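Encoded as structure tokens, the structure appears first; notes follow it.
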Amino acid sequence: MSDEIHRLSDELAHDPSSLAFLRLAELLRRSGDVAAAERVAQRGRARHPGLAAGHDLTARIAADRGDVAAAEDAWRTVLRLMPAHAGANKGLGFLAYRTGRLRDAEAHLAQAARGNPDDETIAVALATVRAELAAAAPAPPAVVVAPAAAVPAAVPAAGPAAIPAPATHVEAAGSPFADLSADADAILIVDRDGLVLTGTAPAGQSEREAELGAHLSGVSDEAERAMRHLELGAWATIVIEAPGASVALAPIGGLIGGDAVVLVAVPRTTPLGLVRRVLDRATQLARAWLEARA
Amino acid sequence: MQTAEAWVATPLRQFLDDARVRVAVLMNASGQVLGQAGFARSTDVMSACALAAAINATAGELGRQLEGKPFEGVHVAGRDQQAHLGVAPTPRGPLLLLSVFDEHTSLGLVQVFFEEFRARIAKAALAIDASAPQLAADFESDLNRNLAALFGRT
Amino acid sequence: MSAFQPALSAVMRLRGVTACLVVDEHDGVIVDSTLQFGMRGNVLAALLASLFRKARQSVAAAGFGDSAFLTLEAERGRVCAVGQGGLVLIAVADPRTNLGLLRVELNKARAGLG
């Protein structure tokens, strides 16, 4: 682990705006150096204030310190940025449970369960809370069920069991692109940090979506730089034809869209004209989806 | 990024943002550092400046002997990283910009943005008060002061 | 005359094409080019080769294989790029250019890249 910490530290020293701070702070947290983790996370958050993962990390570090108020505050920020963030809902659920707020705990864990139906730790915790609500237990128990994730969280010795690290974010069901699902293998809205806001994920494919969004968002950065220096105006569409698929990108634009892009992946055999039409339609749907959440 | 003289900050920052090099150091022809980015230790900066100034002097002389005019840039391609050393003429004398880069950018991009840097730094130098005292008389203490300013030990 | 000139000329004959270049993908430097007056070849080469490389690496990392063809449309121009053997053939055109014809010519020229 220390080699990776060194490598990430070097990367961050070279490029302070790198997202490597997320992994570095997490490794420091796991190694017990909570103070260093907090410093790294704080600097990363200052550079990426709109990045939900940065606030999620802050929350987990605060939880390790036993600072419930700070952890709650940070997870609430995550939910403002990403309302269906399963990790934040899980974290808030456990914090609420620890402090005796069973109804709040139930609400957050239920939301987390909706986004993560296969996560047994959430299911067990939710069942526990509901059972206690039904029995009208007056105070929270001494032990909270810990998740399977290998991320221990340090808590004060007098308190209950460790607050678990929340799971990776999975977007809730109800994609705005359902009408286009027959024409495309994947349609995503990706923010400027390469994080997926929503998309047409098949069940259990959220990590694949995240990879796609992260890898391909760099292309729009590169295009923006090229167009700026070549004085060709703003880029409108990019289509990349590869053996396995054709991938098309378009900025959503306007005050609502900001730097977000819509990304469409279609079978390689799709005629280019149709790719552009699907992309145009996906962009309209993306804009409407963002406007509904403004 | 840190600079020892304020007037180089904007052109150097623009070059770093555009070219996306890993490490860069700007110096005068004597190897006195004016700005740097990506270095962790002042000793590394000193070494890089001394070597770059020597390489520039050698390359310049080689060009004069071969072509009658000095070579104005050096490119070294390593296995994983590359180095580019360019000369930027300014009214305050020629400046050298040494940059080290990897696969996240390319020689072509570094060259293109170095050309833009040359134009910007020359323009920035024109805006500086020409009557400011020259520092060459006390080179060693200037070098140390610059390094201290760069690494926050004023 | 380099081996790439016939291909470059064929692309440049298309209406609206303002620059056609063969560029080393890794270094972003020109191997050969035909440019209209006023086009800055070295700037086009460096930036567009970098864009093509980023696109190719991104789709490969996403599991779609090595990229074959890039098309970009912007407010004041279009760019097409196709790569083979470490070289990229890039065409820059104005918005009125027939994209279909441009793609046909570039795909024909691709085999000659090596």
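The values are calculated or read from the model by the stated rules, or taken from the named source; none is laboratory data. All values derive from a computational prediction rather than experimental measurement. Cβ coordinates were reconstructed from backbone atoms using ideal geometry, including for glycine residues, and neighbour counts include every protein chain displayed.
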Point to revise | Contacts under 9 angstrom Cβ, first residue in segment A:226-239 being assigned by TED's automatic domain parsing to the domain that holds A:Leu263 and crowded, with 19+ Cβ neighbours inside 10 Å, partner outside any helix (DSSP H, G or I) and aromatic (Phe, Trp, Tyr), 6 or more apart | key: A:Ala226/A:Trp235; A:Met227/A:Trp235; A:Val239/C:Phe69
Review point. Out of all the residues in segment A:1-17, which are within 20 Å of B:Ala40 (Cα to Cα) and in contact with a Lys or Arg (Cβ under 9 Å, 6 or more places away or on another chain)?
Key: A:Glu4, A:Leu8, A:Leu12, A:His14, A:Asp15, A:Pro16, A:Ser17
Review point. Within segment A:279-288, is even one residue assigned by TED's automatic domain parsing to the domain that holds A:Gly213 and within 14 Å of A:Asp185 (Cα to Cα)?
Key: yes
Exercise for review: Give A:Pro83, A:Pro16 a once-over and let me know the one that is modelled with pLDDT under 80 and not small (Gly, Ala, Ser).
Suggested key: A:Pro83
Check your understanding: Any residue at all in segment B:115-133 that is crowded, with 18+ Cβ neighbours inside 10 Å, at pLDDT 95 or above and under 30 Å from C:Ser58 (Cα atoms)?
Key -> yes
Exercise for review: Could you list all residues from segment A:1-36 that are touching a residue at least 40 places away in the same chain (Cβ under 8 Å) and of a type in the set (A, V, I, L, M, F, W, C)?
Suggested key: A:Leu19, A:Val34
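When you look at A:Leu274, is it in contact (Cβ under 8 Å) with a residue 40 or more places away in the chain and more than 24 Å from A:Ala294 (Cα to Cα), yes or no?
Working: in contact (Cβ under 8 Å) with a residue 40 or more places away in the chain: yes; more than 24 Å from A:Ala294 (Cα to Cα): yes.
Yes, satisfied.
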Practice item. Kindly check whether there is at least one residue in segment B:97-108 that is surrounded by 20 or more Cβ atoms within 10 Å (Cβ to Cβ), polar (S, T, N, Q) and more than 17 Å from B:Ala54 (Cα to Cα). Key: yes
**Study point:** Of all residues in segment B:12-40 being in a loop (DSSP other than H, G, I, E, B) and polar (S, T, N, Q), the one that is farthest from the other protein chains (Cβ to nearest Cβ)
**Key:** B:Ser30
**Study point:** Of all residues in segment B:87-119 being without any contact (Cβ under 8 Å) to a residue 40 or more places away in the chain and of a type in the set (S, T, N, Q), the one that is farthest from the other protein chains (Cβ to nearest Cβ)
**Key:** B:Thr90
Review point. Just for strands (runs of 3 or more DSSP E) wholly inside segment A:184-287: which have at least 1 residues that are more than 7 Å from every other protein chain (Cβ to nearest Cβ)?
Key: A:186-190, A:196-199, A:246-251, A:261-266
Study note, to complete from the structure: B:Ala6 passes all but one of the listed conditions (1) modelled with pLDDT under 90; (2) touching a helix residue (DSSP H, G or I) at 6+ places or on another chain (Cβ under 9 Å); the exception is number (2)
Review point. How many residues are of a type in the set (Val, Ile, Thr), crowded, with 24+ Cβ neighbours inside 10 Å and more than 10 Å from the chain's Cα centre (by Cα) when one looks only at segment A:77-107?
Key: 0
Check your understanding: In segment C:18-42, which residue that is in a strand (DSSP E or B), at pLDDT 95 or above and among the hydrophobic types (A, V, I, L, M, F, W, C) is farthest from C:Gly112 (Cα to Cα)?
Key -> C:Ala19
Review point. In this structure, is C:Val29 within 14 Å of chain B (Cβ to nearest Cβ) and in contact with a Leu (Cβ under 9 Å, 6 or more places away or on another chain)?
Key: yes
